[in-house]
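*Asks:* This structure is in C-alpha cells; I'll ask about it shortly.
Coordinate-derived values only; no laboratory data. Since the structure is predicted, the reported quantities are computational estimates derived from the model, not experimental observations. Glycine gets a Cβ as well: all are built from the backbone with ideal geometry, and neighbour counts include every protein chain shown.
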Amino acid sequence: MTYRDKVVVVTGASSGIGYVTAKAFAARGAIIVGVARREELLQRLAEECRRHSPASGYLVGDLGERAFAERVVADTVTRHGRLDVLINNAGISKHKQLYHMTAEEAEAVMRINFLSCVWTTFAAIPHMLRQGGGTIVNVSSFAAKVTPAREAVYAASKAAMNAFSEGLWHDLAGSNVHATVVHVGPIDTEIWEKTDEPTAYRGRKLPPTAVSQAIFRAIERRLPEVWVPGIMRLAWWFRLVAPGLFRAGAGRFDPVPPDVIAAARRRAGGA
C-alpha cells in the first residue's frame, strides 16, 4: 500500500505512540498533521517529518475542547484538500484511587480520551465519504478490556472508545471508510511518569514502534481490531471465562489500602 501524498492526522503526536507513528507515516511519504498541546515538541516532530514529506505540519490546542477538535479536521482539509487517515491517539492517564477522584477529573478524562475521538471522527466522515474513502484508527487500551485497580475512569473512557469503534464497523460498512481500534498494552512512553499515584506494574513494556507497526497492519489488511501485544488477548479470555478468579487475582495484585478506605469514610462523615 502506498502512502505517498496521503494526508494523515495524528492526535497526541508530541510524544510516545503518536510521535513515532507520525514519523513512520512521513517516512512513507504521507503528509502529516500532528496535533497536541506542546508546541515545542510538535515543532521538532514537524522538522523530522519534513525531511521526507515537506508539506507536513502541526496544530496546537486542547482536544478536550470540541471547537478545536473539529477545527483540526476543517483546517487539514482546507490546507491539503483531503483527509485520508485519522489516528485518534490523544489521551491522558488517570491512575488514582476512586476515593481520591473528583467528578471534574472524570469529566476531563472522558473529554480527552473519548469525546475528542467522537468530535474528530464526526468531522472527518463527511470529507472521507466525499473523496471516496478513508481510515479511522482509534488507539485504545488493554485496560478497557481488563480493568486494573485505580483505573476505573481511564478504563471507562477507553471502553467507550471501543464501543464507538465497534459501532463504526457496522455503520460505515459499504462506505469504503474503514474504522479500526488498537488495544494497547504496556508501552514504554512518558504516560508512566504522569500517573497520579504509583503503579504496581513492573513487567515488560514494548516500544512505541510496536503500536505503529500494528496500525499499518490494521490499515493495510483492513482489520477491525488489533492487539499489542497479541498475547494480552489471553488475559481478556481469562477475564471472560473466570471473572471471579480474575477479580480475586486483581485484588491481590494492587489492593486498596485499609487506611484509604478509613480516610474516605471519615471524609464522608462516617465513624
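*Asks:* Find the eigenvalues of the gyration tensor of the Cα atoms of the stretch 159-271, then list the square roots of 5 times those eigenvalues as equivalent ellipsoid semi-axes, largest first, in whole angstrom.
*Replies:* Working through the eigenvalues yields semi-axes of 35, 18, 16 Å.
*Asks:* Distance from a point 7 Å along Cα→Cβ of F253 to each backbone N in the stretch 108-149: keep the residues under 12 Å and list them by number.
*Replies:* Backbone N within reach: 142-149.
*Asks:* Quick one: helix 232-241 against the long Cα principal axis of the chain, what's the angle to the nearest 10°, folded into 0 to 90?
*Replies:* Orientation of helix 232-241: about 50 degrees from the principal axis.
*Asks:* To the nearest µm²/s, what D does Stokes-Einstein give for the chain at 25 °C and 0.890 mPa s, using the Kirkwood radius over alpha carbon pairs as Rh?
*Replies:* Value of D from the Cα-based Kirkwood radius: 127 µm²/s.
*Asks:* OK, next. Over the Cα atoms, compute the radius of gyration (one decimal) and Dmax (the largest Cα-Cα distance, rounded to a whole number) for the stretch 76-137, in Å.
*Replies:* Expressed in Å, the Cα Rg and Dmax of the stretch 76-137 come to 15.6, 49.
*Asks:* Subtract the Cα-Cα distance of E166 and F238 from 0.36 nm times their separation in residues, and report this length gain in nm to one decimal.
*Replies:* Separation in residues times 0.36 nm, less the Cα-Cα distance, equals 23.8 nm.
*Asks:* Among A24, A163, A46, which one shows the highest mean-square fluctuation when the chain is modelled as a Gaussian network with alpha-carbon springs under 10 Å?
*Replies:* A163
*Asks:* Running a GNM on the chain with Cα contacts under 10 Å, which residue among I191, I125, I17 ends up with the highest mean-square fluctuation?
*Replies:* I191
*Asks:* Please build a GNM for the chain, connecting alpha carbons under 10 Å apart, and tell me which residue among G57, G134, G230 fluctuates the most.
*Replies:* G230
*Asks:* Let me ask something else. How would you classify the stretch 207-246 from its alpha-carbon gyration tensor, with a ≥ b ≥ c the square roots of the eigenvalues: rounded for a/c under 1.5, else prolate if a/b is greater than b/c, otherwise oblate?
*Replies:* In terms of gyration-tensor shape, oblate.
*Asks:* On to the next question. Hey, what's the Kirkwood Rh for the stretch 1-149 if you take every pair of different alpha carbons, in angstrom?
*Replies:* It works out to 15.7 Å.
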